[in-house]
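S.K.: Following this message is one structure expressed as structure tokens.
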Amino acid sequence: MDTKIVILDVNNIAQDTINEAGLVVKEGGLVAFPTETVYGLGANALDKTAVEKIFKAKGRPQDNPLIVHVANRNIETLVKEVPNIAKEIMSKYWPGPITLIFNKSNLIPSTTSAGLDTVGIHMPSSVIARKLIEAAGTPIAAPSANISGRPSPTEVESCIEDLSGKIEYILGGEKSQIGIESTIVDCTCTPPCILRPGAITIEMLREIDNNIYIDKNVMSKPKKDFKPKAPGMKYRHYAPKAPVKIICGDIEKTIAKINEIVQTNMGNKKIGIIATDETKDKYPFGTVVSLGNRKQLETVGRNLFEVLRSFDAIDVDLILSEAFEEKGLGYAIMNRLKKSAGFDITYV
Ligand code: AMP
Ligand code: MG
């Protein structure tokens, strides 16, 4: 299939292009598009046949539901009810990087929800994303625009790498502001439960309801018979080709441990190191990439997936990563890093 690729100027968004991409969605095709979290691979959320194409293009397991993206807060027709707590979260954090889970209405085909009775809904803050949804005239179901299992794309080049030739249209815009997928909060239970951490942190959500909690399976390795509330939890995720190992603890000890592992293995392995601006000059061997300044976790989050993907391009055999404190945005960053490492962590 020929994929049309158009890069928008975010300061002067061409409505013609938006309309053209919107028409592709309306007619049952697939469009990759930017959001503030990561790039999404979109189809008409209400069209079963269109949604099936997303699973095929990504190689996504059939039981992993899609998030439905909307351009405004009028979601009444898509869900059975909007609980008061959800209304509060929506009024405070929509548009923005948070997905809420509701009991779904019959308008949402079971292919979109992967057979669940619930649906996740996200109103993105990205203006291009909302304009596209408006032009399509329908909610857009969109998982991240990567081949299943790979790190999510936060730049159009990564969407092109994964999906060119497989979908009708790739709409480029700016690099994703957040760089990490949305926080997911299940609002069908009381108190609500965080199924995936993101830029809207537990600390921020507890300002609305102090009882909101994080599902205990978010930060641990899934057991074999694990039946997750968010089916995505059970899949290997965000993973570059080479194995990732996290070294966690005091930063000086971390540096020493990473250098020790590099020196032991460098005779027969090409090693990548995920460092930070403060530490990057302390690794004499290996291919060192910095995620940014440790004190600016927003930058670290924005760079994380592209740094993971960059190691695929240079074919390293092993990736060693520093860790971050599991607080605020650091919690979501560590969640993605741990999943990309398959929970291989050495504490120092
Ligand atoms: P992705 O867009 O690739 O990050 O995948 C969407 C994530 O949202 C997956 O991990 C899903 O398991 C999760 N998700 C979507 N809809 C639901 C739902 N109705 N209930 C629980 N989790 C959901
Ligand atoms: Mg994904």
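The values are calculated or read from the model by the stated rules, or taken from the named source; none is laboratory data. Small disclaimer: the values here were computed from a predicted structure and weren't measured. Cβ sites come from the backbone with ideal geometry, for glycine too, and all protein chains shown count toward neighbours. Accessible surface is based on the protein model in full, side chains and every heavy atom, while ligands, DNA and RNA are left aside. Shrake-Rupley method; radii C 1.70, N 1.55, O 1.52, S 1.80 Å.
S.K.: Under a Cβ-only charge scheme (Lys and Arg +1, Asp and Glu -1), can you give me the dipole magnitude of the chain about the Cα centre, in debye to the nearest 20? Intermediate results must be reported in sequence, preceding the final value.
M.R.: Values: 43 positive and 42 negative charges, 206 e Å.
Roughly 980 debye for the chain.
S.K.: Show me, for the stretch 299-304, the HN-Hα J-couplings you get by feeding each phi into the Karplus relation (A = 6.51, B = -1.76, C = 1.60, θ = phi - 60°), rounded to Hz, glycine and proline as x.
M.R.: 5, 4, x, 5, 8, 3
S.K.: Past 29 Å, Cα to Cα, is the threshold; run Lys58/Lys104; Lys166/Lys339; Lys87/Lys245; Lys229/Lys269 against it and keep the listed order.
M.R.: Values: Lys58/Lys104 24 Å; Lys166/Lys339 27 Å; Lys87/Lys245 40 Å; Lys229/Lys269 39 Å.
Violating the 29 Å limit, Cα to Cα: Lys87/Lys245; Lys229/Lys269.
S.K.: List the residues, sorted by chain then number, that are 5 or more residues from Ser290 or on another chain and whose placed amide H is less than 5 Å from its amide H.
M.R.: HN-HN under 5 Å from Ser290: Ala275.
S.K.: At 1.4 Å probe size, with every protein chain present, just tell me what the per residue accessible area of the chain comes to in Å². All intermediate terms of the calculation are to be shown ahead of the outcome.
M.R.: Numbers: 14760 Å² over 348 residues.
So the chain comes to 42 Å² accessible per residue, rounded to a whole number.
S.K.: Given contacts defined as C-alpha pairs under 8 Å and at least six residues apart, what's the relative contact order of the chain, whole-number percent? Before the final figure, lay out each step's value.
M.R.: On the way: 783 pairs, mean separation 67.9, N = 348.
Dividing the mean separation by the residue count of the chain yields 20 percent.
S.K.: Here's something else I'd like to know. Tell me which residues come under 5 Å, amide H to amide H, from Tyr169 once H is placed; ignore anything under 5 positions away on its chain.
M.R.: Residues meeting the criterion, in which the H sits 1.01 Å from N, are Lys4, Leu30, Ala32.
S.K.: In whole percent, and with a 1.4 Å probe on the protein chains, what portion of the accessible area of the chain is carbon and sulfur? Before the final figure, lay out each step's value.
M.R.: Numbers: 7140 of 14760 Å².
Exposed carbon and sulfur together represent 48 percent of the surface.
S.K.: Please give the Cα centre distance for the stretch 205-254 versus the stretch 11-60, rounded to the nearest Å.
M.R.: Cα centres, the stretch 205-254 to the stretch 11-60: 28 Å.
S.K.: Now, a different point. By how many degrees, between 0 and 90 and to the nearest 10, does the Cα long axis of helix 84-93 differ from the longest principal axis of the chain?
M.R.: Helix 84-93 sits at roughly 70 degrees to that axis.
S.K.: Would you mind getting me the FRET efficiency between Lys269 and Ala313? Use the beta-carbon distance for r and R0 = 25 Å, nearest 0.05.
M.R.: 0.90
S.K.: Report the relative contact order of the stretch 73-136, percent, no decimals, based on alpha-carbon pairs under 8 angstrom and at least 6 residues apart. Display every interim value, and only then the final one.
M.R.: Numbers: 70 pairs, mean separation 22.2, N = 64.
In percent, rounded to a whole number, it is 35.
S.K.: Quick one, what does Rg over Rh come out to for the chain if you take C-alpha atoms and the Kirkwood Rh?
M.R.: Values: Rg = 20.0 Å, Rh = 20.6 Å.
Ratio value, two decimals: 0.97.
S.K.: Work out how much length Asn74 to Asp9 would gain on full extension: take 0.36 nm times their residue separation and subtract the Cα-Cα distance, in nm to one decimal. Each step should come with its number before you reach the end.
M.R.: Values: separation 65, 0.36 × 65 = 23.40 nm, distance 2.86 nm.
Separation in residues times 0.36 nm, less the Cα-Cα distance, equals 20.5 nm.
S.K.: Compute the angle between helix 48-58 and the longest alpha-carbon principal axis of the chain, please, reported from 0 to 90 degrees and rounded to the nearest 10.
M.R.: That helix lies at roughly 10 degrees to the long axis.
S.K.: Helix 251-265 versus the longest principal axis of the chain: what is the Cα-based angle in degrees, 0 to 90, to the nearest 10?
M.R.: 80
S.K.: Any lysines with Cα under 17 Å of the Lys26 Cα? List them, leaving off those in the same chain fewer than 8 positions away.
M.R.: Lys4, Lys48, Lys53, Lys131
S.K.: Please compute the modelled spin-label separation between Lys253 and Lys295, points set 7 Å along Cα→Cβ, answer in nm with one decimal.
M.R.: Placing both labels 7 Å along Cα→Cβ, they lie 2.5 nm apart.
S.K.: OK, next. Hey, can you rank 145-154, 1-10 by average C-beta count inside 10 Å, highest first?
M.R.: On the way: 145-154: 23.6, 1-10: 13.6.
Top to bottom by mean Cβ count within 10 Å: 145-154, 1-10.
S.K.: Continuing with this model, one more query. With a ≥ b ≥ c taken as the square roots of the eigenvalues of the C-alpha gyration tensor of the stretch 200-240, please select rounded if a/c is under 1.5 and otherwise prolate if a/b is larger than b/c or oblate if it is not?
M.R.: Working: a/c = 3.26, a/b = 1.92, b/c = 1.69.
Because a/c hits 1.5 or more and a/b exceeds b/c, the stretch 200-240 counts as prolate.
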